[in-house]
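Student: There's a structure below that I have some questions on.
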């Protein structure tokens, strides 16, 4: 049992449950509606309390605790980890590697692995170079797995349990070229049909902001059309309202990021033989 300070709460009647509470501790819980989510450790439960008045002090102090006495407040906050994953970082990495290689991992496990990596707040040293290489044409990453915003929201509502997503059904490849600060996002249907978007990007910390200024369509031959005035990557200033990725994990095999819309995606690093096979070269 771990006690927290209740800075404020509201109650409806004797022996009722709290309607809302704000809690503080060394690891501050996040509040989603009427649920209390404790980062990493698990779910926060506010147990049923009897009361005669509200208070703004420590509910765990002897002044306010009386065992099952109607005229005092009996209040404690417990940690419940049963609804959250106890997956370790090494286990999560192993899962995303396997999923990227052969798509054999059930989607819910992939989702939990990505969420585990996201919650760990891992160091970002070298991520830009791993993603975009040290020289042109940079590195290519095949989209393997995606979750929608609703999948993430559902997991948050259920204290980390559940969630979902799906393996991406068609060939989508992202290319980052760190030497040019250029991004290319393409959909490939064999060697004859492709749709690609290109533009500048800027990587800072975990955040990669980007814009597209060119579209290329391949129907046998390749045709390129401008979407807007060409943007110089060297002087590119991201639009605060523009698209971005927040990367949560990057290594030489996979990368995981959350998009502006709230969904999470995973990519696998491509190999030259794979690129030739799927027609991205």
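Every number in this text was worked out from the coordinates using simple rules, so none of it is lab data. Remember, it's a predicted structure, so these values are computed and weren't measured experimentally. Cβ coordinates were reconstructed from backbone atoms using ideal geometry, including for glycine residues, and neighbour counts include every protein chain displayed.
Student: Relative contact order of segment 89-278, please, whole-number percent, based on alpha carbon pairs below 8 angstrom and at least 6 residues apart. Please report the intermediate quantities before stating the final value.
Tutor: Values: 393 pairs, mean separation 40.9, N = 190.
After rounding, I find 22 percent.
Student: Sort 252, 275, 182 by Cβ crowding within 10 Å, fewest neighbours at the top. Spell out each step's value before the answer.
Tutor: Values: 252 8, 275 16, 182 22.
Lowest count first: 252, 275, 182.
Student: A further question on this structure: Any idea how far apart residue 180 and residue 89 come out in nm if each label point goes 7 Å out from Cα toward Cβ?
Tutor: Simple spin-label model gives 3.5 nm for this pair.
Student: Let me ask you something else. How long are the semi-axes of the ellipsoid equivalent to segment 229-281, from square roots of 5 times the Cα gyration tensor eigenvalues, in whole Å, largest first?
Tutor: On the way: eigenvalues 128, 71, 22 Å².
Rounded to whole Å, the semi-axes are 25, 19, 10.
Student: While we're looking at this one, here's another question. How far apart, in nm, are two points set 7 Å out from the Cα along the Cα-to-Cβ line at residue 108 and at residue 215?
Tutor: 4.0
Student: Round to the nearest 0.05 the FRET efficiency obtained for residue 204 and residue 97 when R0 = 30 Å and r is the Cβ-Cβ distance. The partial results should precede the final answer.
Tutor: Working: r = 27 Å, r/R0 = 0.90.
With R0 = 30 Å, the Cβ-Cβ based efficiency is 0.65.
Student: Right, another one. Can you check how the C-alpha radius of gyration of segment 89-278 compares to 2.2 N^0.38 Å, as a plain ratio?
Tutor: On the way: Rg = 16.6 Å, N = 190, 2.2 N^0.38 = 16.2 Å.
Cα-based Rg divided by the globular estimate yields 1.02.
Student: Using only Cα atoms, what is the ratio of the radius of gyration of segment 87-150 to 2.2 N^0.38 Å?
Tutor: Details: Rg = 13.4 Å, N = 64, 2.2 N^0.38 = 10.7 Å.
Taking N as the residue count of segment 87-150, the ratio is 1.25.
Student: May I pose another question? Suppose the chain between residue 260 and residue 168 were pulled fully straight at 0.36 nm per residue; how much longer would it get relative to their current alpha carbon spacing? Mind showing how you got there, number by number?
Tutor: Numbers: separation 92, 0.36 × 92 = 33.12 nm, distance 1.84 nm.
So the chain would gain 31.3 nm between residue 260 and residue 168.
Student: In which sequence would 249, 167, 236, 201 go, from the one with the fewest C-beta neighbours within 10 Å to the one with the most? Write out the running numbers ahead of the final one.
Tutor: Values: 249 23, 167 14, 236 18, 201 26.
Final ranking by Cβ density, sparse to dense: 167, 236, 249, 201.
Student: Based on alpha-carbon positions alone, could you give the equivalent ellipsoid semi-axes of segment 202-265 from the gyration tensor, as √(5λ), descending, whole Å?
Tutor: Working: eigenvalues 125, 60, 27 Å².
For segment 202-265, the ellipsoid semi-axes come out as 25, 17, 12 Å.
Student: Sticking with this one: If I model a spin label at residue 230 and residue 124 as a point 7 Å from the Cα along the Cα→Cβ vector, what separation in nanometres do I get?
Tutor: Reported label-point gap for residue 230 and residue 124 is 3.0 nm.
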